[in-house]
Amino acid sequence: MKRVKIVVFMVAIAALYGAGVTGLHLSTIKTVEQNNRLIEQKALVELFGLGDVKMLSKEKIGQIVATQIDQTETLTDPQTGKTIPLLKAYDSAARDHLTAYGFPFSGIGFWAEIKGYIAVDASLQKTVGLKVIEQVETPGLGARIEEPFFVKPFANGLDISTPAPGKSYIYMGTAGSTPDPGTPQYGRTFDAITGATQTSLAMERMLNAAVAEFRRAADNREAGVQ
Amino acid sequence: MSFKDTLGGRALIGNLWRDNPVFRQVLGICSALAVTNLLKNTLLMCGGLVFTAALSNFTVSLLRKTIPKQVRMMVQVLIIAAYVIIVDIFIRAQFPEIHKTIGPYVGLIITNCIIMGRAEAFASKNPAWPSLLDGIGAGLGYSMVLIVIAVFREALGFGTLMGIPLPARDIWWYQWTIMVMPPGAFFMLALVAWFGNSYVLKKEGGAK
């Protein structure tokens, strides 16, 4: 009888707390979804440099994404069969001038998966932006991959034209040093984060994989990616 | 009788220093090491812990005569987990950018020994009001130590406080990368524990 009482008590208290927490979760789920959508939209606006998200209202950010970014197309990597979502950014809502393409990248960082987007110019020769949207790297070290100093070289334009055989698209370099012209690293290097070499190496690895996949998929497309 | 002579007052004040959960009871060490390389993350973690410790103590105390002895720890974990999830849901809904940074750490509050320790050692034997104060005291005592560690780690490791660069940083500051890595947390925790214990023992006349 005592055992039955204990079981009934446990079931009752678990149901009570479970219901309370579930109710709270359900009551906030819409807000959380809106927050996540807004984070994603802000990331895309920053990725393509379509505005200053700190100065724009939520509505304006949503409007820019809806009108100036086409997210309807996909590419297929012929080597792996992987489908790559293709983002097309235009300079105005009229969509008459395409400025850049974007595609996602992901991979395992030092602690867990890192996800983000990389943007390239319309000629597919240079990067125009990088945005990390999900990461749990070491705060203050690897987590600095989201900071302006890290993404700036990508916004300034790293060369992603087809490299020499056996060479990479993108290289991790040392802060303050520039590769010599003529070397495979020239124009393709971003600065490693001091104290977060493993995160930097992981970024180099996943970005190279993503760019290679994208280029194969783009080259495979009969009439180019447009 | 003054506040500090009441059961709740003694519990609140004692947890801040004489019975500090971190350097006197050696509880909550994992998160003291994990979240203290940035002061902002530390403050949010401390806020979550004070909330959870206070309310879980209060709830456990209210239910102490109802909870069967054989399953009391299971019930305590259930109560603690529920409050931690409430903290997580609140931060996720109201502060999504901050949740991105400290989300992985919030779940760790469930396993924080301070909360379980205070619920079992104090709240399960004492009335609700003193238990609430005991939880607040334990949370604040923990926060005090973490904030001291975080101030030193962030200042020495990044040359910032709350992300704001310290004055004339370019002149005097040299980055101690080790301070933002786990070994830096061990060094700082040991120093704080050494200082705290020495001071308490000296005050009590127990120092040899």
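In the range B:12-27, is there at least one residue being free of Cβ contacts under 8 Å to residues at least 60 places away in the same chain, surrounded by 18 or more Cβ atoms within 10 Å (Cβ to Cβ) and not basic (Lys, Arg)? Scanning the range B:12-27 turns up no residue that is free of Cβ contacts under 8 Å to residues at least 60 places away in the same chain, surrounded by 18 or more Cβ atoms within 10 Å (Cβ to Cβ) and not basic (Lys, Arg).
Quick grid of which residues meet (1) farther than 30 Å from residue B:9 by Cβ; (2) crowded, with 18+ Cβ neighbours inside 10 Å; (3) in contact with a helix residue (DSSP H, G or I) (Cβ under 7 Å, 6 or more places away or on another chain); (4) modelled with pLDDT of 90 or more:
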{"residue": "B:119", "(1), (2), (3), (4)": "no, yes, yes, yes"}
{"residue": "B:129", "(1), (2), (3), (4)": "no, no, yes, yes"}
{"residue": "B:150", "(1), (2), (3), (4)": "no, yes, yes, yes"}
{"residue": "B:154", "(1), (2), (3), (4)": "yes, yes, yes, yes"}
{"residue": "B:170", "(1), (2), (3), (4)": "yes, no, no, no"}
{"residue": "B:178", "(1), (2), (3), (4)": "yes, no, yes, no"}
{"residue": "B:190", "(1), (2), (3), (4)": "yes, no, no, yes"}
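Residues of the range B:60-96 that are at the interface with another protein chain (Cβ under 8 Å from one of its Cβ atoms) and of a type in the set (Val, Ile, Thr): B:66, B:67, B:71, B:75, B:79, B:85, B:86, B:89. Which one is farthest from residue B:124 (Cα to Cα), of the residues in the range B:36-64 that are more than 19 Å from the chain's Cα centre (by Cα) and not in a helix (DSSP H, G or I)? Selected residue: B:63. Among the conditions (1) touching a Lys or Arg at 6+ places or on another chain (Cβ under 6 Å); (2) outside any strand (DSSP E or B); (3) closer than 20 Å to residue A:45 by Cβ, residue A:79 misses just one, which is (3). What do you reckon, is residue A:10 more than 14 Å from chain B (Cβ to nearest Cβ) and either assigned to a helix (DSSP H, G or I) or under 27 Å from residue A:100 (Cα atoms) (or both)? So residue A:10 does not fit the description; no.
Pick out the one residue from A:160, A:133, A:114, A:118 that is crowded, with 22+ Cβ neighbours inside 10 Å, among the hydrophobic types (A, V, I, L, M, F, W, C) and within 13 Å of chain B (Cβ to nearest Cβ). Can you show your working first?
Working: A:160 fails: within 13 Å of chain B (Cβ to nearest Cβ); A:133 fails: crowded, with 22+ Cβ neighbours inside 10 Å; A:118 fails: within 13 Å of chain B (Cβ to nearest Cβ).
After ruling out the rest, the residue left standing is A:114.
Just one of the numbered conditions (1) touching a Phe, Trp or Tyr at 6+ places or on another chain (Cβ under 6 Å); (2) closer than 20 Å to residue A:148 by Cβ; (3) of a type outside the set (Ser, Thr, Tyr) is not true of residue A:170: (1). Here residue B:109 passes the criteria (1) within 10 Å of chain A (Cβ to nearest Cβ); (2) buried (at least 19 other Cβ atoms within 10 Å of the Cβ); (3) closer than 27 Å to residue A:135 by Cα; (4) not acidic (Asp, Glu) except the one numbered (1).
Looking at A:131, A:58, which one is among the basic types (Lys, Arg) and in contact with a Gly (Cβ under 6 Å, 6 or more places away or on another chain)? Among A:131, A:58, only A:131 is among the basic types (Lys, Arg) and in contact with a Gly (Cβ under 6 Å, 6 or more places away or on another chain).
Residue B:67 fulfils the conditions (1) in a helix (DSSP H, G or I); (2) more than 30 Å from residue B:162 (Cα to Cα); (3) not polar (S, T, N, Q) except for a single criterion, (1).
Given the options B:98, B:110, B:115, name the one that is within 28 Å of residue A:43 (Cβ to Cβ) and of a type in the set (Val, Ile, Thr).
Numbers: B:110 fails: within 28 Å of residue A:43 (Cβ to Cβ); B:115 fails: within 28 Å of residue A:43 (Cβ to Cβ).
Of the residues listed, the single one that is within 28 Å of residue A:43 (Cβ to Cβ) and of a type in the set (Val, Ile, Thr) is B:98.
Just one of the listed residues (A:32, A:53, A:21, A:45) is part of a helix (DSSP H, G or I), more than 9 Å from chain B (Cβ to nearest Cβ) and not polar (S, T, N, Q), namely A:45.
Report yes if residue A:194 is closer than 12 Å to residue A:160 by Cα and touching a helix residue (DSSP H, G or I) at 6+ places or on another chain (Cβ under 9 Å), otherwise no. It is false that residue A:194 is closer than 12 Å to residue A:160 by Cα and touching a helix residue (DSSP H, G or I) at 6+ places or on another chain (Cβ under 9 Å).
Rundown of residues vs (1) surrounded by fewer than 18 Cβ atoms within 10 Å (Cβ to Cβ); (2) closer than 23 Å to residue B:133 by Cβ; (3) of a type in the set (Gly, Ala, Ser), yes/no style:
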{"site": "B:36", "(1), (2), (3)": "no, no, no"}
{"site": "B:52", "(1), (2), (3)": "no, yes, no"}
{"site": "B:59", "(1), (2), (3)": "no, yes, no"}
{"site": "B:66", "(1), (2), (3)": "yes, yes, no"}
{"site": "B:84", "(1), (2), (3)": "no, yes, no"}
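So for the range B:83-98 (the condition being farther than 18 Å from residue A:20 by Cα and modelled with pLDDT under 80), does at least one residue qualify? The answer is yes, given that some residue of the range B:83-98 is farther than 18 Å from residue A:20 by Cα and modelled with pLDDT under 80.
The values are calculated or read from the model by the stated rules, or taken from the named source; none is laboratory data. Predicted model, so just to flag it, every value in this text is computed and none were measured. FYI the Cβ positions are ideal-geometry reconstructions off the backbone, even for glycines, and counts take in every protein chain you see.
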